[in-house]
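Down below is the structure, laid out as structure tokens.
The values are calculated or read from the model by the stated rules, or taken from the named source; none is laboratory data. Computed from a prediction, not measured in an experiment: that's the story for all the values here. Please note: Cβ atoms are built from the backbone with ideal geometry, for glycine as well, and neighbour counts cover all protein chains shown. Only protein heavy atoms, including side chains, enter the accessible area calculation; ligands, DNA and RNA are left aside. Shrake-Rupley method; radii C 1.70, N 1.55, O 1.52, S 1.80 Å.
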Amino acid sequence: MPPEHWIVLPTYNEADNIISMLDALLALPLGPGVLVVDDNSPDGTAKLVQAYQKDHPEAPVALLVRPHKEGLGRAYEAGFRWVLAHTSARYIYEMDADFSHAPRDVERLAHALQEADMVIGSRYVKGITVVNWPLSRILLSYGASWYVRFITGMPVKDPTAGFIGYRRPLLEMILGLGPFRFRGYAFQIEVKYKAYLAGAKQVEVPIVFTERMAGRSKMSSAVIWEAIWGVLWLRWQRTALKKRLKTAQESLSSA
């Protein structure tokens, strides 16, 4: 029986982590499929996945190699569209490939998705649960979350979280609006805000976020600035987005 659950893993120079991550995810009782979306990593991440596929031909592991690095939002969009087009997945997940998100927590998101449209693995719904972050980064991230809630009115306590589970109809509706506007981490805010405006039931599940132990972080000042002005753009576009979401909902219901 094809997997009902598919996990999208964007990668760029994750050779140190990808094989261990695939082993951990495929060992879950949930029995998920895994799509690796690699942005042509120069460290050979994609080649390692190809070798894994040959060594484990029965494993539901797919690989999508993009020609170059365009940002997290573009990678996830390509991955989501691939899963919707090539699988019968009912539940789709996004998570980091560097073990910042614990693979075992996918099961907790899956359980919560039985009664929600979107489940967010949250660092801030039960205090602040991060490991190996300096105080400066904690303050930046927590402050960004407060800023997003203040500007948008969205009640999600961790709007920049990157560990999310979606029901298929919600993801289809969001993608029906066209390409994501933001390439970096602002994409995480964009997708949650669109779900919020669509009236989706959003649930936050507390997780412990652990900073990567291998490889390098992809955070940059450009990513931070995109998120700052991106939140203002999303709030300015609120009415237009709601109209487009309504149209997308009507289109899916009549299909």
Q: Can you tell me what the convex hull of the Cα atoms of the range 1-146 projects to on average, as an area in nm²?
A: 9.8
Q) Using a simple spin-label model with points 7 Å from Cα along the Cα→Cβ vector, what separation in nm is obtained for VAL131 and LYS243? A) 4.9
Q) What nm distance separates the two modelled labels at HIS68 and GLN50, each placed 7 Å from Cα along Cα→Cβ? A) 2.1
(Q) With only alpha-carbon pairs counted, each pair once and no self-pairs, how large is the Kirkwood hydrodynamic radius of the range 156-216 in angstroms? (A) 13.0
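Hey, what's the Kirkwood Rh for the chain if you take every pair of different alpha carbons, in angstrom?
By the Kirkwood definition, the hydrodynamic radius is 18.5 Å.
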Q.
Averaged across orientations, what area in nm² does the convex hull of the alpha carbons in the range 89-210 project?
A. 7.5
(Q) Between GLU250 and SER20, what is 0.36 nm times their sequence separation minus the Cα-Cα distance? Round to one decimal in nm. (A) 78.6 nm
**Q.** Surface accessible to a 1.4 Å probe, per residue, for the residues of the range 1-156, Å²
**A.** 45
Q: Give the peptides 115-124, 156-165 in descending order of average Cβ contacts within 10 Å, highest first.
A: 156-165, 115-124
(Q) Quick check: at a probe of 1.4 Å, how many percent of the accessible area of the chain sits on carbon and sulfur atoms? (A) 57
